Amino acid sequence: MKRLLGLVLVLLSVCVLADERIIFGSLERESETEEFNTLGVDIEETDTLHGFGAQWFKFRDEGIYQRERFTVLTGDRQACLLETCNSFDTRKVIYSQEVGIEIGQWIPFVGMSLALSKVEFETDTDSEFELTKGLIAGTWLKLDTFVLRVAVLNFNDKDNRVISTTFDDEDNRTISGGLLFQMDNNFVLGAEIGMLLDSKEDGFSFSLQIGRSF
């Protein structure tokens, strides 16, 4: 089912890739739910984060494609044991970068992602940020009146030792897509969604963007 949903996360972008630079501001939302069993007791943890972001695109006909993105998120983690739930403040900062090249109608790209996250538990107010690294791979496809994009973000292992590049491993893989639309003036609207493909967790992210091309 998640594989089928992933195919829906495809980006339609109308007439924006014509030697353009675009700067975006964005509103961000991210949620993730994990269920596990400890000593025969079911525990559910849910992260709900909101924030803002900024990103920069560069599209060049028959040239280099670039994208940089910076996002700041805050919210809470709710941990439920039986019928008792506790909430803890959560913060997350994400930076990502992509680079690619236009080859005819295709713009394949690769990139990297760095995420710093911190949960302030009641018993550990001095907890440190946890670093998660990742790889990004995807492509744009330019058609007559619109452009398609699919990106796959593959996070590293939970212990932060080695980046996993095996895309058949769904444990830490996210598929994403979105929409860019240039209006009659220089303003551009955008939206992007992502979904975690881990069979043990449910994860979803959403970004609503407005920017200007020049």
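The values are calculated or read from the model by the stated rules, or taken from the named source; none is laboratory data. Model, not experiment: these values are computed from the prediction. Here the Cβ positions follow ideal geometry from the backbone for every residue, glycine too, while neighbour counts run over all protein chains shown. Heads up: the accessible areas ignore ligands, DNA and RNA and are worked out on the full protein's heavy atoms, side chains in. Shrake-Rupley method; radii C 1.70, N 1.55, O 1.52, S 1.80 Å.
With a 1.4 Å probe rolled over the protein heavy atoms of all chains, the accessible area of Ile22, Ile175 falls in the order Ile175, Ile22, largest first. Entry for the stretch 41-106 at q = 0.13 Å⁻¹: log10 I(q)/I(0) = -0.58, Debye formula applied to identical alpha-carbon scatterers, no solvent contribution. Placing R0 at 25 angstrom, the Cβ-Cβ distance between Glu120 and Leu208 gives a FRET efficiency of 0.35 after rounding to 0.05.
How far, in nm, would the chain grow between Thr38 and Leu143 when pulled straight, counting 0.36 nm per residue and subtracting the alpha carbon separation? Please list the in-between numbers first.
Working: separation 105, 0.36 × 105 = 37.80 nm, distance 5.10 nm.
So the extension gain works out to 32.7 nm.
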